[in-house]
Structure formats: C-alpha cells, structure tokens
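Data block below; observations after.
The values are calculated or read from the model by the stated rules, or taken from the named source; none is laboratory data. If you're wondering where the values come from, they're calculated on a predicted model, not measured in any experiment. All Cβ positions, glycine included, derive from the backbone under ideal geometry; neighbour counts span all protein chains shown.
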Amino acid sequence: MQGKKSIVLILLLLSGAIFLMGLSFFLDAPVRARILQAEGMEWDHSAKRQFFNAISRYGDWPELMLLGALGVGIARQCQSRRWQEIFVMAMVASTLAGALTNTLRLTTGRTRPRVSPQSEQAWYGPYHNGEWTVGYAPWNSFPSGHTATAFGFAIVIFLASPMWGLLALLIAALIASSRLILGAHHPSDLVGAIFIASGVIWLLSNSRIQRLCIMNSPCLAKRYSSQKRS
C-alpha cells in the first residue's frame, strides 16, 4: 500500500512539473516584452542594471562554493557537525545540479532573449547550418546554470532548516531574477533549472539529506522511527 501511494505521489508531482514547464514556455514572450518595456531608455547606464549585473556576477557556482566553505568553517568553529554536513550537502547538490544543467544547455541550442532581433528566437540544437552550437553562449540558454546551482544550494538549506532556508531561497530567486532581467534567460529556462535542481536533491534524498531533514523535524523523526519499527 505504501509503495502504491509513493508511485501515485510521484506521478502527481511529475504531472504538475510537466504542466508548469509547459506553462512557462507560454510566458517567455510576454515576460520578455514586459521587461523591455520597463527598462526604458536609460537602462544600460542605470544603477538597477549595475545591481543586477553584480548579483549575476557574484551569484554563480564559484561564489556559492566559497559561501559553502565559509559555512563549513564557521560550523566547525562552533562545533556543529550537523551544519557542517548541511553545507557540504548543499555544495554537493549545487555542483551536481549545475553540472547536469550546463551539460544539457550545451546541446539545446536555444537562443538567449537578448540576442533578438539579431538572431531569431529558436531551438537550433547542437548543430546548425554546418556549425556546432555547443559552447556558443548566445545559443546556450536552456536551462539556466545560475538558477540550478543557486536553487540546488538553497533547497538543501531549506529542507534542513526552514528558517534559514527561506533566506537562502530568496537569494536564489534574486539570482535567477537577475538572469531573467538581464536577458540571459527565458522564464522557462529558470523553471527547467529549478526542476533539475529539485530532481538532483530528490535522488540524494535517500542518503544524507533525508537524515538531516529527519534530525531537524520531530514529526519526521517520530514517523521515521515508527516506520523502522514496523
């Protein structure tokens, strides 16, 4: 019975993810149009652009790894083994999500929003007009690497400690938003990356992350121990 419930839950989650992914594609064009309308003539030299440039520049994988290492160091000084494990797992999830996402986006050949009108918005795949698109950044939009690494990191923090996790998710959302506003990605690029990060964490959830969540939640701990006894 428990196995059937798990299968039903997984199918429901997959159905919801597919629906949201499909919906996000319909939002790509209107969201981009709204962003361009809001930017105005002075956007290129505005403080807002500089702010989002900074968020995008310092919200990538290397900076997240430095943050994670700093967290491990502070937790070690405070003699908190649990938080050392949390930060290590956040770094692992972020790295795996980013690696999978960046590998995938090298093959999709999807144009970034900001290449218009010089290039038509399309999916060109890894090879187009006799040339490889792999590694050609303007055509490597889907999914978003920044978003995958940021949410891979933040979701682990949230699962282990919802209070700090909310802050981590807000920062991850700000990083993703900066990529959207700067024209580096479409909304569907962000949604796809979040699903990839969530999937990576789900695959890891039967090991260390699950134990961290159980340790943090008395309700989960009670349920887990009752399942073990049965």
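Specify which of the listed residues (A193, A148, A197, A173) is closer than 21 Å to P62 by Cβ, without any contact (Cβ under 8 Å) to a residue 24 or more places away in the chain and either outside any loop (DSSP other than H, G, I, E, B) or not acidic (D, E) (or both).
Exactly one of A193, A148, A197, A173 is closer than 21 Å to P62 by Cβ, without any contact (Cβ under 8 Å) to a residue 24 or more places away in the chain and either outside any loop (DSSP other than H, G, I, E, B) or not acidic (D, E) (or both), namely A173.
For a quick check of your reading of the model, give me the residue pairs whose first member lies in region 42-63 and is modelled with pLDDT of 95 or more, whose second is hydroxyl-bearing (S, T, Y) and in a helix (DSSP H, G or I), with beta-carbon atoms closer than 6 Å and at least 6 apart or on different chains.
That search, which allows pairs on different chains as well, returns F52/S178; I55/S178; S56/S178; W61/T149.
Identify, from the list G152, G135, G145, G130, the residue that is in contact with a helix residue (DSSP H, G or I) (Cβ under 9 Å, 6 or more places away or on another chain), among the small types (G, A, S) and surrounded by fewer than 21 Cβ atoms within 10 Å (Cβ to Cβ).
Within the list G152, G135, G145, G130, the selection yields G135.
Restricting to region 122-145, what's the tally of residues that are free of Cβ contacts under 8 Å to residues at least 40 places away in the same chain, in a loop (DSSP other than H, G, I, E, B), out of contact with any Pro (no Cβ under 6 Å at 6 or more places or on another chain) and not hydroxyl-bearing (S, T, Y)?
7
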